[in-house]
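A.B. asks: Quick one: this structure, given as structure tokens, is what I'll be asking you about.
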There are 4 protein chains.
Amino acid sequence: MMASAFKTIGLVGRYRDQGTEIIASLKVLLSYLEKHQYKIIFDEETTRELRDHSHAHFPLQELGAHCDLIIVVGGDGSLLNAARYAAPHGTPVLGINRGRLGFLTDIHPDNIEKEVTQVLEGHYIEEARFLLQSSVNIDGQLQVLDTSLNDVVLSPGSNPHMIEFDINIDHQFVCKQRADGLIIATPTGSTAYALSGGGPILHPQLDAIALVPMFPHTLSSRPIVVAGNSHIEILITSNNEYAPKLSCDGHAHVSIPPKGKIIIQKYPHPLRLIHPKHYHYFETLRTKLGWEKHH
Amino acid sequence: MMASAFKTIGLVGRYRDQGTEIIASLKVLLSYLEKHQYKIIFDEETTRELRDHSHAHFPLQELGAHCDLIIVVGGDGSLLNAARYAAPHGTPVLGINRGRLGFLTDIHPDNIEKEVTQVLEGHYIEEARFLLQSSVNIDGQLQVLDTSLNDVVLSPGSNPHMIEFDINIDHQFVCKQRADGLIIATPTGSTAYALSGGGPILHPQLDAIALVPMFPHTLSSRPIVVAGNSHIEILITSNNEYAPKLSCDGHAHVSIPPKGKIIIQKYPHPLRLIHPKHYHYFETLRTKLGWEKHH
Amino acid sequence: MMASAFKTIGLVGRYRDQGTEIIASLKVLLSYLEKHQYKIIFDEETTRELRDHSHAHFPLQELGAHCDLIIVVGGDGSLLNAARYAAPHGTPVLGINRGRLGFLTDIHPDNIEKEVTQVLEGHYIEEARFLLQSSVNIDGQLQVLDTSLNDVVLSPGSNPHMIEFDINIDHQFVCKQRADGLIIATPTGSTAYALSGGGPILHPQLDAIALVPMFPHTLSSRPIVVAGNSHIEILITSNNEYAPKLSCDGHAHVSIPPKGKIIIQKYPHPLRLIHPKHYHYFETLRTKLGWEKHH
Amino acid sequence: MMASAFKTIGLVGRYRDQGTEIIASLKVLLSYLEKHQYKIIFDEETTRELRDHSHAHFPLQELGAHCDLIIVVGGDGSLLNAARYAAPHGTPVLGINRGRLGFLTDIHPDNIEKEVTQVLEGHYIEEARFLLQSSVNIDGQLQVLDTSLNDVVLSPGSNPHMIEFDINIDHQFVCKQRADGLIIATPTGSTAYALSGGGPILHPQLDAIALVPMFPHTLSSRPIVVAGNSHIEILITSNNEYAPKLSCDGHAHVSIPPKGKIIIQKYPHPLRLIHPKHYHYFETLRTKLGWEKHH
């Protein structure tokens, strides 16, 4: 076996929906890594769920500082969550799915031993995936929010109703929009929520951000794709009766009152996403979107 | 002047947004009707807003029982609201807009005297527009909800997230859907919220109902149009973490817990909608959707 | 065995693409029908392809006059073709597919004996599906074109370019449209070409016609659904450099020069479409559109 | 007046549709440039249309080699045409519209003198817009086609029917597609034909190419946006009965028989597009797409 660049491995799982399966996969992984004498650390939840105190554990947000590679067992949502915390540390992340292919979790639980071996021996594809950083400016107070690997979503936050906002890009006025909301998606997020909303598929290596209006009142509104280094500003106009909400990858729902401003930009630290050697983006796309079946 | 079939006229306004303009239009209308010796009644809010106690007033839901014609001054939303209460009484409704053409409010405030004269003299177009009646069955308890002239909307009721539901039509299973929600629209509602959601335009005289999925997870989902007398049933599956909400024309937000069932059918009493003689549906459509301007 | 209302059976096949399979299925069917002493007639092509002169044959357009039921072996396209000729005679049509479910051909070749027996014994569902009748008026000369079970398509007829036309419905002007073309679809056709073009799914029992603009220049253009008895008129304006073409179910490509007029109306004789007892429209829909698979 | 970097000016017009207006604008421009002693050259058609032989003229494709700036009077189509010939010479192009704002022709005919002065004095915005270069490989013979500033369109080339093709990007298989065709658009072309086809708006400074399927048979097909330096290959499969056609900016219709291959890549020489100082992309977008009008 080749000397691996990855000596300390952080293990993370998601336990809500399919806990039993995930714990089973984690145990397979654990015994493999122990056998090959890797140093193993856990996030706190994994320590709790596995009831295994023989390995050091850290809060998820610190895990990346203490290991060379994070392996996430779960769905795309689990990887999304771990990725936001791994990116600032520059720690690469590898995903093992729960048996159903994800866009981000490539390794099938049946192939853990074989495929993880390959990755640890240095046979893998590393991709940089950028994240978005959102901040809000409410009454002159700037608040930095979570980062997003997939998307930032502006929504009514309650029963669907029209919200009104102005979009500025690089300090140029783009348009006033009345819509149910707006999705600002990375290429990674372009195949998630934004796709249901009619947004285009952005190749993951494209340095671009998609703005997808949700149920726009103006029927000629269309998704707009701008450069990845764009400075995106959304101003909640004073014509809103209620305060819309902003969420980052489905977390961190912040209310933005009328006259509040949202600033969205590329986050300086990309996610280092690890794929097995056989990974092909378009193959995943075909499988996930059902392009192979002809009716 | 011809003898009018409309002897007692109910007046209704909407005062929230553009109260001053609406009160001005109502006063023009009032003085015209008084001059020509029509009997006038108000809904309670109009009595309050006009501070005029010389005319009888009734709650909006009873107004139709006491008059031959209801005239609404406001936008489409105001007419929608009055229409739900007028339909059970079979009382026709005429709309005067606030200066911007509506789909339902045809008479421009500048033309009140001329156009109302024509209508009262019997020169008008009467259209029957059907409404939807929703009921919910929660734990075996059946609750009848408001009627809708435009639409019934199933939505998460909070931050956008996927909800799961089964659709049955005429007791046949149509599909299991995972989406942000579902719009069930009448032809009247097909040019309102459902249109922003990608639904087709249904001609108002078509006896049909459109089901428009909101951000469906299955990308091959499409709007479905079914016969107006269809029995539509939506079952909230037990896979929902939160209780979605149902609204009727944007009112009456009811939470439907997992296993709750929604039944939607045509309401037996149509709205009798009055238009001036020069009304053409497609002309309104062209103007409202901006089809006339070529860029 | 019950006495069947269907005594003389017309057999029709399509031989272009999958001739061998179709001939195999036809022979199964033939031997079954001969064994049970049905009278069998062929269309001319079937006589030629089967090299079987022991049964009377007729041109496809006359077949319906000489039998009680037409059985088509092939895809939806084959049934479409036979249906146009069967409808004027009021002869019912049953479809056997080539192994892949169609919207119109319900019986799998493996189940021919079992399912055809049921139909011939009177256990079937009969549906009326309406067709469209197109005529064109060029320089005052009226020409009646083919009927369409699926759709009438106006297109440039050559390299894609914008054509300009006016739409009138029931002698009311709807809009001037600049687009690559227009699809006018029946409910039956709403799941064919019109669906790829963004049209809604119309339930087959809905008495309605969908007008779906193809790549409209005006971005707020949307599919419109009108009543089945509408009188639809399309006027090719004089602003067209080339003569667009009109086709009916993909046949009968007629050039319509500038100032030419197209009239489309419901054809008076519906197709009598026969389904096996287990037929459910929505089940076919789910299968054909891949709604069952979740990714 | 400042010394201008632009000493020799090439003038080009389009004479088909609105010849009179264009000739009028050209004469205004000509007299202004003569008065200020610029050297003027014409393309051959302009010499012919103006009947002015006092200035040198060249074929459009050579014009760029002999001047410092090309001014086009006409619509976006005229500029598109001139741009393809100007790009290889690196000669900048400025557009004067026919009275209706274009995406590419910014200067209103009423403001010729004022705005052209500003540009010639060096007050302008220069943008690089990339073009696409298409080649086809038929039976091993490689043929280089025209460049496209807007788009490359694969279409049936006759009555609309499904064509089948494979897409490869950077030598990776993307998908097999059955559709009416495919639009491959630059950011410049994303607001032209591709937009009617449901493609996203790509900001002109984005280094990206959009692939927009036309009426795809697979309903989960979506527009895909890939990096500007992608190597795009389209293989016409042997399942096509007819030879589809390829066009570049609406020109150069080449038939591609089954097994033919199309290769599309960024053209090495960008168009240098000149705008007046007040140019804002999003303002043009709002005006052209009618986002300013609220209904």
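The values are calculated or read from the model by the stated rules, or taken from the named source; none is laboratory data. Just so it is clear, the structure is predicted and the values come from calculations on it, not from any experiment. Counting neighbours? That spans all protein chains shown, and the Cβs are built from the backbone with ideal geometry, glycine included. Each accessible area value is taken on the protein alone, full model and side chains, heavy atoms only, with ligands, DNA and RNA left out. Shrake-Rupley method; radii C 1.70, N 1.55, O 1.52, S 1.80 Å.
A.B. asks: Report, by residue number, each residue of segment C:38-56 that is at pLDDT 95 or above and open to solvent by 60 Å² or more (accessible area, probe 1.4 Å).
C.D. replies: C:K39
A.B. asks: Which count do you get for residues in segment C:123-137 that are more than 15 Å from C:K266 (Cα to Cα) and either modelled with pLDDT under 95 or not in a strand (DSSP E or B) (or both)?
C.D. replies: Total meeting the criteria: 1.
A.B. asks: Looking at (1) in contact with a Leu (Cβ under 8 Å, 6 or more places away or on another chain); (2) closer than 19 Å to A:G197 by Cβ; (3) of a type in the set (S, T, N, Q), which is the only condition B:N168 fails?
C.D. replies: Only one criterion in (1) in contact with a Leu (Cβ under 8 Å, 6 or more places away or on another chain); (2) closer than 19 Å to A:G197 by Cβ; (3) of a type in the set (S, T, N, Q) is unmet by B:N168, namely (2).
A.B. asks: Can you tell me how many residues within segment A:21-32 are crowded, with 18+ Cβ neighbours inside 10 Å and out of contact with any helix residue (DSSP H, G or I) (no Cβ under 8 Å at 6 or more places or on another chain)?
C.D. replies: 1
A.B. asks: Now a separate question. How many of the residues making up segment C:265-284 are away from chain B (no Cβ under 14 Å), within 19 Å of C:G64 (Cβ to Cβ) and assigned to a strand (DSSP E or B)?
C.D. replies: 4
A.B. asks: Condition test on A:S135, is it within 17 Å of A:L246 (Cβ to Cβ) and either in contact with an Asp or Glu (Cβ under 6 Å, 6 or more places away or on another chain) or of a type in the set (D, E, K, R) (or both)? Break it down stepwise before answering.
C.D. replies: Details: within 17 Å of A:L246 (Cβ to Cβ): yes; either in contact with an Asp or Glu (Cβ under 6 Å, 6 or more places away or on another chain) or of a type in the set (D, E, K, R) (or both): no.
No, not satisfied.
A.B. asks: For segment C:231-245, does any single residue satisfy the condition of being within 14 Å of chain A (Cβ to nearest Cβ) and farther than 13 Å from B:V225 by Cα?
C.D. replies: Checking segment C:231-245: not a single residue is within 14 Å of chain A (Cβ to nearest Cβ) and farther than 13 Å from B:V225 by Cα.
A.B. asks: Output the residue which, of all residues in segment C:107-146 that are in contact with a Pro (Cβ under 8 Å, 6 or more places away or on another chain) and among the aliphatic types (A, V, I, L, M), is nearest to C:G189 (Cα to Cα).
C.D. replies: C:L131
A.B. asks: Continuing with this model, one more query. Within segment B:162-191, count every residue that is away from chain C (no Cβ under 12 Å) and touching a Gly at 6+ places or on another chain (Cβ under 7 Å).
C.D. replies: 2
A.B. asks: Pull up segment D:123-135, narrow it to residues that are open to solvent by less than 40 Å² (accessible area, probe 1.4 Å) and of a type in the set (D, E, K, R), then point me to the one that is nearest to D:D207 (Cα to Cα).
C.D. replies: Filtering segment D:123-135 for residues that are open to solvent by less than 40 Å² (accessible area, probe 1.4 Å) and of a type in the set (D, E, K, R), the one nearest to D:D207 (Cα to Cα) comes out as D:R129.
A.B. asks: Condition check: within 9 Å of another protein chain (Cβ to nearest Cβ), within 29 Å of D:A83 (Cβ to Cβ), among the hydrophobic types (A, V, I, L, M, F, W, C) and in contact with a strand residue (DSSP E or B) (Cβ under 8 Å, 6 or more places away or on another chain). Does D:V153 satisfy that?
C.D. replies: yes
A.B. asks: Here's another thing I want to ask about it. Of the residues in segment B:146-163, how many are part of a strand (DSSP E or B) and open to solvent by less than 20 Å² (accessible area, probe 1.4 Å)?
C.D. replies: Within segment B:146-163, residues that are part of a strand (DSSP E or B) and open to solvent by less than 20 Å² (accessible area, probe 1.4 Å) number 8.
A.B. asks: Shifting gears a bit: Select from segment B:265-280 the residues that are surrounded by fewer than 18 Cβ atoms within 10 Å (Cβ to Cβ) and under 25 Å from B:Q133 (Cβ atoms) and list them in ascending order.
C.D. replies: B:Q265, B:P268, B:H269, B:P270
A.B. asks: Something else: Condition (residue is of a type outside the set (D, E, K, R), in a strand (DSSP E or B), open to solvent by less than 10 Å² (accessible area, probe 1.4 Å) and under 18 Å from C:T284 (Cα atoms)) applied to segment C:107-122: is it met by at least one residue? Talk me through it step by step, then tell me what you get.
C.D. replies: Of all residues in segment C:107-122, those of a type outside the set (D, E, K, R) come to C:107-109, C:111-112, C:116-120, C:122.
When the remaining residues are screened for being in a strand (DSSP E or B), the result is C:107.
After this cut, where a residue has to be open to solvent by less than 10 Å² (accessible area, probe 1.4 Å) as well, the list is C:107.
With under 18 Å from C:T284 (Cα atoms) added as a condition, the list becomes C:107.
Yes, segment C:107-122 contains at least one residue that is of a type outside the set (D, E, K, R), in a strand (DSSP E or B), open to solvent by less than 10 Å² (accessible area, probe 1.4 Å) and under 18 Å from C:T284 (Cα atoms).
A.B. asks: Out of the residues in segment A:59-93 that are part of a loop (DSSP other than H, G, I, E, B) and modelled with pLDDT of 95 or more, state the one that is nearest to A:G13 (Cα to Cα).
C.D. replies: Looking only at segment A:59-93, we keep the residues that are part of a loop (DSSP other than H, G, I, E, B), and these are A:59, A:67-68, A:74-75, A:90-92.
Add one more test, that the residue is modelled with pLDDT of 95 or more, and what stays is A:59, A:67-68, A:90-92.
Numbers: A:P59: 13, A:C67: 16, A:D68: 17, A:G90: 20, A:T91: 17, A:P92: 16 Å.
The qualifying residue nearest to A:G13 (Cα to Cα) is A:P59.
A.B. asks: Now, a different point. Name the strands (runs of 3 or more DSSP E) wholly inside segment B:168-264 in which the number of residues that are touching a residue at least 60 places away in the same chain (Cβ under 8 Å) and open to solvent by 30 Å² or more (accessible area, probe 1.4 Å) is 2 or more.
C.D. replies: In segment B:168-264, the matching strands (runs of 3 or more DSSP E) lie at B:232-236, B:251-255.
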